[in-house]
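The values are calculated or read from the model by the stated rules, or taken from the named source; none is laboratory data. Here the structure is a predicted model, which means the values were calculated and not measured. Counting neighbours? That spans all protein chains shown, and the Cβs are built from the backbone with ideal geometry, glycine included. Just so you know, the surface numbers come from the protein's heavy atoms only, side chains and all, with ligands and any DNA or RNA stripped out. Shrake-Rupley method; radii C 1.70, N 1.55, O 1.52, S 1.80 Å.
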Amino acid sequence: PSALESEQAIIGCCLYEQSCIADAQIVLRNVDYFFDVRCRMVWEIIVASPVEANLATIQGKIKNKSGWMPEDSIAFLNACQDAAHSTAHLPVWLTDVEDAYTLRRLIAACDSINASAYAKNAVAGILDAAEREILAIRPTNHAGSDINSLVNEAITEIEYKVNNPGNLSGYTTGLNDLDRLTDGVHAGEMVVIAGFTSTGKTALGVNIATLNAIAGVPVAIFTAEMLPVKIVVRQICSTARANVKRLTEGDIAGMTVAAGKISHAPIYIENANGMTIGQVQAMARRLHQKRGIKIILIDYIQLLIGTGDNREQQISSISKGLKAIAIELKCCVLALSQLTDDGKLRESRAIGHDADSVWKLENNGEWQPQTQPIKLVVEKCRDGETGKVELIFQKQFTRFEN
(Lines give C-alpha, C1' and ligand atoms only; values in the text may rest on other atoms or scores of the structure.)
Protein backbone atom coordinates (compact mmCIF):
# COMPACT_ATOMS: atom_id res chain seq x y z
CA PRO A 1 0.00 0.00 0.00
CA SER A 2 1.26 3.47 -0.86
CA ALA A 3 0.06 7.01 -1.49
CA LEU A 4 2.65 8.23 -3.98
CA GLU A 5 0.81 11.36 -5.08
CA SER A 6 0.25 12.41 -1.47
CA GLU A 7 3.93 11.81 -0.68
CA GLN A 8 4.95 14.12 -3.52
CA ALA A 9 2.37 16.71 -2.46
CA ILE A 10 3.82 16.74 1.09
CA ILE A 11 7.30 17.37 -0.29
CA GLY A 12 5.87 20.13 -2.49
CA CYS A 13 4.17 21.79 0.50
CA CYS A 14 7.43 21.78 2.44
CA LEU A 15 9.18 23.46 -0.52
CA TYR A 16 6.48 26.14 -0.69
CA GLU A 17 6.13 26.91 3.04
CA GLN A 18 8.63 26.19 5.80
CA SER A 19 5.81 26.00 8.38
CA CYS A 20 4.58 22.85 6.62
CA ILE A 21 7.79 21.04 7.60
CA ALA A 22 6.97 21.20 11.33
CA ASP A 23 3.36 20.10 10.69
CA ALA A 24 4.57 17.15 8.62
CA GLN A 25 7.22 16.10 11.17
CA ILE A 26 4.58 15.74 13.89
CA VAL A 27 2.89 12.99 11.84
CA LEU A 28 5.80 11.54 9.85
CA ARG A 29 8.07 10.50 12.70
CA ASN A 30 10.56 8.61 10.54
CA VAL A 31 11.53 8.29 6.90
CA ASP A 32 9.77 4.91 6.56
CA TYR A 33 6.44 6.70 6.24
CA PHE A 34 7.51 7.43 2.64
CA PHE A 35 7.26 4.54 0.18
CA ASP A 36 8.84 6.37 -2.77
CA VAL A 37 12.65 6.18 -2.51
CA ARG A 38 13.01 9.64 -4.05
CA CYS A 39 10.64 11.14 -1.49
CA ARG A 40 12.68 9.47 1.26
CA MET A 41 15.88 11.06 -0.02
CA VAL A 42 14.35 14.53 -0.25
CA TRP A 43 12.65 14.21 3.15
CA GLU A 44 15.96 13.28 4.78
CA ILE A 45 17.53 16.41 3.30
CA ILE A 46 14.60 18.58 4.44
CA VAL A 47 14.58 17.41 8.08
CA ALA A 48 18.38 17.59 8.29
CA SER A 49 18.30 21.36 7.65
CA PRO A 50 14.71 22.64 7.50
CA VAL A 51 15.83 26.29 7.44
CA GLU A 52 17.56 25.68 4.10
CA ALA A 53 14.70 23.65 2.61
CA ASN A 54 14.17 25.34 -0.75
CA LEU A 55 14.31 24.18 -4.33
CA ALA A 56 17.85 25.39 -5.08
CA THR A 57 19.40 24.05 -1.86
CA ILE A 58 17.81 20.63 -2.18
CA GLN A 59 18.86 20.33 -5.83
CA GLY A 60 22.42 21.08 -4.76
CA LYS A 61 22.39 18.43 -2.03
CA ILE A 62 20.81 15.82 -4.29
CA LYS A 63 23.95 15.93 -6.46
CA ASN A 64 25.73 14.02 -3.69
CA LYS A 65 23.16 11.23 -3.79
CA SER A 66 24.46 8.39 -5.91
CA GLY A 67 22.39 7.17 -8.87
CA TRP A 68 20.25 10.28 -9.22
CA MET A 69 20.89 12.39 -12.32
CA PRO A 70 20.50 16.18 -11.92
CA GLU A 71 17.85 16.44 -14.63
CA ASP A 72 15.84 13.67 -12.92
CA SER A 73 15.96 15.47 -9.58
CA ILE A 74 14.81 18.76 -11.14
CA ALA A 75 11.90 17.05 -12.87
CA PHE A 76 10.92 15.23 -9.67
CA LEU A 77 10.99 18.35 -7.49
CA ASN A 78 8.96 20.24 -10.06
CA ALA A 79 6.43 17.40 -10.05
CA CYS A 80 6.24 17.64 -6.25
CA GLN A 81 5.51 21.35 -6.41
CA ASP A 82 2.85 20.76 -9.05
CA ALA A 83 1.21 18.12 -6.85
CA ALA A 84 0.99 20.58 -3.94
CA HIS A 85 -1.67 22.74 -5.53
CA SER A 86 -2.69 24.08 -2.09
CA THR A 87 -0.92 23.75 1.27
CA ALA A 88 -4.37 23.82 2.88
CA HIS A 89 -4.71 20.16 1.85
CA LEU A 90 -1.57 19.10 3.76
CA PRO A 91 -3.54 17.37 6.62
CA VAL A 92 -5.37 15.20 4.07
CA TRP A 93 -2.15 14.16 2.35
CA LEU A 94 -0.50 13.41 5.70
CA THR A 95 -3.43 11.16 6.64
CA ASP A 96 -3.14 9.31 3.31
CA VAL A 97 0.58 8.67 3.83
CA GLU A 98 0.12 7.65 7.47
CA ASP A 99 -2.68 5.22 6.57
CA ALA A 100 -0.56 3.59 3.84
CA TYR A 101 2.38 3.28 6.26
CA THR A 102 0.10 1.70 8.88
CA LEU A 103 -1.17 -0.85 6.35
CA ARG A 104 2.40 -1.76 5.37
CA ARG A 105 3.26 -2.30 9.03
CA LEU A 106 0.18 -4.49 9.47
CA ILE A 107 1.21 -6.61 6.49
CA ALA A 108 4.75 -6.94 7.86
CA ALA A 109 3.44 -7.90 11.30
CA CYS A 110 1.11 -10.51 9.81
CA ASP A 111 3.96 -11.94 7.75
CA SER A 112 6.07 -12.21 10.90
CA ILE A 113 3.22 -13.88 12.83
CA ASN A 114 2.64 -16.28 9.93
CA ALA A 115 6.31 -17.24 9.86
CA SER A 116 6.37 -17.86 13.62
CA ALA A 117 3.21 -19.95 13.43
CA TYR A 118 4.49 -22.12 10.59
CA ALA A 119 7.80 -22.51 12.41
CA LYS A 120 5.77 -24.01 15.28
CA ASN A 121 7.34 -21.77 17.90
CA ALA A 122 5.91 -21.73 21.44
CA VAL A 123 2.27 -20.67 21.19
CA ALA A 124 2.39 -18.35 24.21
CA GLY A 125 5.45 -16.62 22.77
CA ILE A 126 3.77 -16.19 19.36
CA LEU A 127 0.67 -14.67 20.98
CA ASP A 128 2.72 -12.25 23.11
CA ALA A 129 4.80 -11.18 20.11
CA ALA A 130 1.66 -10.77 17.98
CA GLU A 131 -0.02 -8.60 20.60
CA ARG A 132 3.07 -6.40 20.98
CA GLU A 133 3.47 -5.95 17.24
CA ILE A 134 -0.18 -5.18 16.56
CA LEU A 135 -0.58 -2.82 19.53
CA ALA A 136 2.59 -0.95 18.52
CA ILE A 137 1.10 -0.19 15.11
CA ARG A 138 -1.85 1.92 16.29
CA PRO A 139 -1.23 5.51 15.07
CA THR A 140 -0.60 8.12 17.74
CA ASN A 141 -3.18 10.84 18.25
CA HIS A 142 -1.37 13.97 17.06
CA ALA A 143 -4.02 16.49 18.07
CA GLY A 144 -2.82 18.80 20.79
CA SER A 145 -5.03 20.66 23.24
CA ASP A 146 -5.83 24.31 22.72
CA ILE A 147 -4.90 26.33 25.85
CA ASN A 148 -8.25 28.17 25.82
CA SER A 149 -10.23 24.94 25.99
CA LEU A 150 -7.92 23.64 28.75
CA VAL A 151 -8.35 26.85 30.75
CA ASN A 152 -12.14 26.58 30.44
CA GLU A 153 -11.96 22.97 31.59
CA ALA A 154 -9.73 23.94 34.52
CA ILE A 155 -12.08 26.80 35.54
CA THR A 156 -15.05 24.40 35.52
CA GLU A 157 -13.15 22.05 37.83
CA ILE A 158 -12.07 24.90 40.13
CA GLU A 159 -15.61 26.34 40.29
CA TYR A 160 -16.97 22.92 41.24
CA LYS A 161 -14.50 22.65 44.12
CA VAL A 162 -15.29 26.18 45.33
CA ASN A 163 -19.07 25.74 45.12
CA ASN A 164 -19.09 22.20 46.54
CA PRO A 165 -16.55 22.24 49.39
CA GLY A 166 -17.93 19.09 50.98
CA ASN A 167 -18.17 17.06 47.79
CA LEU A 168 -15.53 14.85 46.22
CA SER A 169 -14.19 15.59 42.76
CA GLY A 170 -13.53 11.86 42.26
CA TYR A 171 -15.25 8.55 43.01
CA THR A 172 -15.73 7.77 46.69
CA THR A 173 -13.82 5.05 48.53
CA GLY A 174 -16.61 4.80 51.09
CA LEU A 175 -14.08 5.63 53.83
CA ASN A 176 -14.40 9.17 55.19
CA ASP A 177 -10.82 9.84 56.29
CA LEU A 178 -9.39 8.34 53.11
CA ASP A 179 -11.72 10.46 50.98
CA ARG A 180 -10.64 13.58 52.87
CA LEU A 181 -6.98 12.86 52.13
CA THR A 182 -7.33 11.84 48.50
CA ASP A 183 -10.50 13.65 47.35
CA GLY A 184 -11.58 10.23 46.08
CA VAL A 185 -10.17 8.32 43.12
CA HIS A 186 -10.17 10.04 39.75
CA ALA A 187 -10.47 9.40 36.05
CA GLY A 188 -7.08 9.03 34.37
CA GLU A 189 -5.41 7.86 37.58
CA MET A 190 -3.72 4.60 38.49
CA VAL A 191 -4.14 3.93 42.20
CA VAL A 192 -1.99 1.14 43.64
CA ILE A 193 -3.36 -0.66 46.71
CA ALA A 194 -0.50 -2.66 48.21
CA GLY A 195 -0.21 -4.92 51.22
CA PHE A 196 1.07 -8.16 52.66
CA THR A 197 -0.97 -11.36 52.48
CA SER A 198 -4.35 -11.20 54.26
CA THR A 199 -4.28 -7.45 54.92
CA GLY A 200 -7.36 -6.97 52.74
CA LYS A 201 -6.10 -5.72 49.35
CA THR A 202 -8.80 -7.53 47.40
CA ALA A 203 -11.48 -6.66 49.95
CA LEU A 204 -10.69 -2.93 49.78
CA GLY A 205 -10.55 -2.92 45.99
CA VAL A 206 -13.82 -4.85 45.65
CA ASN A 207 -15.48 -2.65 48.32
CA ILE A 208 -14.66 0.53 46.36
CA ALA A 209 -15.67 -0.98 43.02
CA THR A 210 -18.96 -2.40 44.35
CA LEU A 211 -19.96 0.76 46.23
CA ASN A 212 -19.54 2.89 43.10
CA ALA A 213 -21.22 0.33 40.83
CA ILE A 214 -24.31 0.23 43.06
CA ALA A 215 -24.36 4.04 42.72
CA GLY A 216 -24.43 3.60 38.92
CA VAL A 217 -20.73 3.92 37.98
CA PRO A 218 -19.77 1.19 35.43
CA VAL A 219 -17.00 -1.01 36.85
CA ALA A 220 -14.79 -3.77 35.43
CA ILE A 221 -13.00 -6.26 37.66
CA PHE A 222 -10.10 -8.32 36.26
CA THR A 223 -9.45 -11.13 38.72
CA ALA A 224 -6.38 -13.31 38.29
CA GLU A 225 -6.37 -14.63 41.86
CA MET A 226 -9.99 -15.66 42.50
CA LEU A 227 -12.77 -17.13 40.40
CA PRO A 228 -15.34 -14.51 39.33
CA VAL A 229 -18.10 -16.27 41.30
CA LYS A 230 -16.00 -15.98 44.49
CA ILE A 231 -15.75 -12.23 43.91
CA VAL A 232 -19.55 -12.05 43.65
CA VAL A 233 -19.99 -14.09 46.86
CA ARG A 234 -17.74 -11.54 48.59
CA GLN A 235 -19.70 -8.64 47.13
CA ILE A 236 -23.02 -10.02 48.35
CA CYS A 237 -21.77 -10.92 51.84
CA SER A 238 -19.90 -7.63 52.26
CA THR A 239 -22.91 -5.55 51.18
CA ALA A 240 -25.23 -7.54 53.46
CA ARG A 241 -22.69 -7.68 56.32
CA ALA A 242 -23.05 -11.45 56.39
CA ASN A 243 -20.28 -13.74 57.69
CA VAL A 244 -19.08 -15.47 54.52
CA LYS A 245 -17.76 -18.45 56.51
CA ARG A 246 -20.74 -18.91 58.84
CA LEU A 247 -23.91 -18.14 56.95
CA THR A 248 -27.25 -18.72 58.69
CA GLU A 249 -30.90 -18.52 57.74
CA GLY A 250 -31.00 -15.12 59.41
CA ASP A 251 -28.65 -13.80 56.73
CA ILE A 252 -30.87 -14.79 53.80
CA ALA A 253 -33.11 -11.69 53.79
CA GLY A 254 -30.19 -9.26 53.84
CA MET A 255 -28.26 -11.23 51.24
CA THR A 256 -31.30 -11.34 48.95
CA VAL A 257 -31.51 -7.54 49.04
CA ALA A 258 -27.76 -7.25 48.48
CA ALA A 259 -27.87 -9.71 45.58
CA GLY A 260 -30.66 -7.68 43.99
CA LYS A 261 -28.62 -4.47 44.20
CA ILE A 262 -25.51 -6.11 42.77
CA SER A 263 -27.35 -7.94 39.96
CA HIS A 264 -28.64 -4.60 38.67
CA ALA A 265 -25.33 -2.77 39.09
CA PRO A 266 -23.07 -2.16 36.03
CA ILE A 267 -20.35 -4.61 37.11
CA TYR A 268 -18.38 -6.71 34.60
CA ILE A 269 -16.04 -9.38 35.94
CA GLU A 270 -13.36 -10.97 33.77
CA ASN A 271 -11.21 -13.98 34.63
CA ALA A 272 -7.72 -12.59 34.01
CA ASN A 273 -5.82 -15.76 34.89
CA GLY A 274 -3.03 -16.15 32.31
CA MET A 275 -3.88 -12.83 30.61
CA THR A 276 -1.15 -10.65 29.13
CA ILE A 277 -1.19 -6.90 29.68
CA GLY A 278 -2.05 -6.56 25.98
CA GLN A 279 -5.14 -8.75 26.44
CA VAL A 280 -6.21 -6.75 29.50
CA GLN A 281 -5.84 -3.52 27.52
CA ALA A 282 -7.83 -4.92 24.60
CA MET A 283 -10.61 -6.16 26.90
CA ALA A 284 -10.70 -2.85 28.78
CA ARG A 285 -11.06 -0.94 25.50
CA ARG A 286 -13.91 -3.22 24.46
CA LEU A 287 -15.73 -2.82 27.78
CA HIS A 288 -15.20 0.94 27.70
CA GLN A 289 -16.62 1.12 24.19
CA LYS A 290 -19.64 -1.10 24.90
CA ARG A 291 -20.31 -0.43 28.59
CA GLY A 292 -18.70 2.96 29.34
CA ILE A 293 -16.43 1.59 32.07
CA LYS A 294 -15.23 4.26 34.55
CA ILE A 295 -13.37 2.16 37.16
CA ILE A 296 -11.13 -0.85 36.47
CA LEU A 297 -9.95 -3.11 39.30
CA ILE A 298 -6.89 -5.31 38.67
CA ASP A 299 -6.39 -8.18 41.14
CA TYR A 300 -3.44 -8.23 41.01
CA ILE A 301 -0.45 -6.78 39.09
CA GLN A 302 2.02 -9.62 39.70
CA LEU A 303 -0.36 -12.25 38.30
CA LEU A 304 -0.61 -10.67 34.85
CA ILE A 305 1.87 -11.53 32.09
CA GLY A 306 4.15 -8.72 30.89
CA THR A 307 6.89 -8.34 28.31
CA GLY A 308 10.64 -8.13 28.81
CA ASP A 309 13.73 -10.21 29.42
CA ASN A 310 13.47 -10.32 33.21
CA ARG A 311 10.82 -10.10 35.91
CA GLU A 312 11.41 -6.42 36.68
CA GLN A 313 10.98 -5.47 33.01
CA GLN A 314 7.85 -7.60 32.78
CA ILE A 315 6.23 -5.99 35.82
CA SER A 316 7.29 -2.56 34.53
CA SER A 317 5.52 -3.26 31.21
CA ILE A 318 2.36 -4.22 33.11
CA SER A 319 2.50 -1.08 35.24
CA LYS A 320 3.04 1.20 32.24
CA GLY A 321 0.28 -0.60 30.34
CA LEU A 322 -2.22 -0.03 33.17
CA LYS A 323 -1.30 3.65 33.45
CA ALA A 324 -1.64 4.01 29.67
CA ILE A 325 -5.14 2.53 29.74
CA ALA A 326 -6.18 4.89 32.58
CA ILE A 327 -5.14 7.88 30.49
CA GLU A 328 -6.45 6.56 27.16
CA LEU A 329 -9.90 5.60 28.49
CA LYS A 330 -10.07 8.40 31.10
CA CYS A 331 -10.96 5.89 33.77
CA CYS A 332 -9.62 5.09 37.22
CA VAL A 333 -7.47 1.96 37.47
CA LEU A 334 -7.26 0.38 40.93
CA ALA A 335 -4.28 -1.97 40.74
CA LEU A 336 -3.56 -4.33 43.63
CA SER A 337 0.06 -5.21 44.37
CA GLN A 338 1.98 -7.39 46.77
CA LEU A 339 4.69 -6.04 49.07
CA THR A 340 8.11 -7.53 49.74
CA ASP A 341 9.12 -8.51 53.28
CA ASP A 342 10.69 -5.07 53.78
CA GLY A 343 7.48 -3.29 52.76
CA LYS A 344 8.38 -2.28 49.21
CA LEU A 345 6.31 -2.78 46.08
CA ARG A 346 7.16 -6.23 44.85
CA GLU A 347 9.40 -6.89 41.82
CA SER A 348 9.53 -3.44 40.24
CA ARG A 349 10.07 0.16 41.34
CA ALA A 350 8.21 1.23 38.19
CA ILE A 351 4.87 0.51 39.89
CA GLY A 352 5.40 3.34 42.37
CA HIS A 353 6.74 5.67 39.67
CA ASP A 354 3.81 5.07 37.30
CA ALA A 355 1.11 5.29 39.98
CA ASP A 356 -0.70 8.53 40.76
CA SER A 357 -1.47 7.26 44.25
CA VAL A 358 0.07 4.50 46.37
CA TRP A 359 -1.80 3.14 49.40
CA LYS A 360 -0.19 0.57 51.70
CA LEU A 361 -2.18 -1.56 54.12
CA GLU A 362 -0.46 -2.46 57.41
CA ASN A 363 -1.64 -4.44 60.43
CA ASN A 364 -2.23 -2.07 63.31
CA GLY A 365 -1.62 -4.14 66.43
CA GLU A 366 -1.90 -7.87 67.10
CA TRP A 367 -3.43 -10.14 64.49
CA GLN A 368 -7.16 -10.64 65.17
CA PRO A 369 -9.33 -13.45 63.79
CA GLN A 370 -12.29 -11.25 62.78
CA THR A 371 -12.07 -7.51 63.45
CA GLN A 372 -8.58 -6.29 62.54
CA PRO A 373 -7.35 -2.69 63.01
CA ILE A 374 -5.59 -1.67 59.78
CA LYS A 375 -3.43 1.36 59.10
CA LEU A 376 -3.68 2.63 55.52
CA VAL A 377 -0.63 4.71 54.61
CA VAL A 378 -1.11 7.06 51.65
CA GLU A 379 2.52 7.23 50.51
CA LYS A 380 1.86 9.11 47.27
CA CYS A 381 -1.09 11.17 46.11
CA ARG A 382 -0.77 13.55 43.18
CA ASP A 383 -4.15 15.24 43.65
CA GLY A 384 -4.43 15.02 47.42
CA GLU A 385 -2.41 14.64 50.59
CA THR A 386 -0.21 11.91 51.98
CA GLY A 387 -0.85 10.62 55.47
CA LYS A 388 -2.22 7.75 57.54
CA VAL A 389 -5.79 6.53 57.95
CA GLU A 390 -7.01 4.26 60.74
CA LEU A 391 -9.47 1.65 59.45
CA ILE A 392 -11.26 -1.46 60.65
CA PHE A 393 -11.12 -4.59 58.49
CA GLN A 394 -14.16 -6.72 59.24
CA LYS A 395 -12.72 -10.00 57.98
CA GLN A 396 -15.90 -11.98 58.47
CA PHE A 397 -17.66 -9.58 56.10
CA THR A 398 -14.58 -8.92 53.89
CA ARG A 399 -15.40 -5.27 54.44
CA PHE A 400 -13.48 -2.14 55.43
CA GLU A 401 -15.12 0.46 57.65
CA ASN A 402 -14.26 3.83 59.18
Would you mind calculating the gained length between Ala187 and Ser263 on full extension (0.36 nm times residue separation, minus the Cα-Cα distance), in nm to one decimal?
24.9 nm
Heavy-atom accessible area per residue, region 174-238, 1.4 Å probe: how many Å²?
31
Work out the FRET efficiency for Ile327 and Glu71 from their Cβ-Cβ distance, taking R0 = 41 Å, and round it to the nearest 0.05.
0.20
Can you give the relative contact order of the chain as a percent, counting alpha carbon pairs under 8 Å and 6+ residues apart?
16
Charge dipole of region 1-124 built from unit charges on the beta carbon (Lys, Arg +1; Asp, Glu -1), centred at mean Cα; most positive-end Cα among Cys39, Ala9, Ile107 is Ile107
Round to the nearest 0.05 the FRET efficiency obtained for Asn163 and Glu385 when R0 = 25 Å and r is the Cβ-Cβ distance.
0.70
Cα shape, region 247-402, gyration tensor, a/c 1.5 rule:
oblate
Accessible area, probe 1.4 Å, largest first, for residues Ile147, Ile325:
Ile147, Ile325
For region 310-402, what is the accessible area per residue in Å² when the probe is 1.4 Å?
47
One finds, for Ala48 and Glu312 with R0 = 35 angstrom and r their Cβ-Cβ distance, a FRET efficiency to the nearest 0.05 of 0.40
Express the accessible area of region 1-56 per residue in Å², computed with a 1.4 Å probe while the remaining protein chains stay in the model.
47
Leu135 to Ile155: extension gain in nm, 0.36 nm per residue of separation minus the Cα-Cα distance?
3.6 nm
Below 20 Å, Cα to Cα, which aspartates and glutamates can Lys294 reach? Residues fewer than 8 away in the same chain don't count.
Glu153, Glu157, Asp179, Asp183, Glu189, Glu270, Glu328, Asp354, Asp356, Asp383
Just grab the label-to-label distance for Asp82 and Gln370, each label 7 Å out from Cα along the Cβ direction, in nm (one decimal).
9.0
With a length cut of 15 Å (Cα positions projected on each helix's long axis) and a Kyte-Doolittle mean of at least -0.5, go through the chain and give me the DSSP H helices that pass.
4-16, 37-48, 70-83, 90-118, 123-137, 147-163, 201-214, 228-240, 252-263, 311-329
In terms of the Cα gyration tensor, with a ≥ b ≥ c the square roots of its eigenvalues, is the chain rounded because a/c is under 1.5, prolate because a/b exceeds b/c, or oblate?
prolate
What number, in percent, do you get for the relative contact order of region 277-363 if the mean sequence gap of Cα pairs under 8 Å and at least 6 apart is divided by its residue count?
30
Calculate what fraction, in whole %, of the accessible area of the chain sits on carbon and sulfur atoms when a 1.4 Å probe is rolled over the protein chains.
52
Flagged as over-length at 28 Å C-alpha distance, from Lys245/Lys330; Lys320/Lys380; Lys120/Lys320, the pairs are Lys245/Lys330; Lys120/Lys320
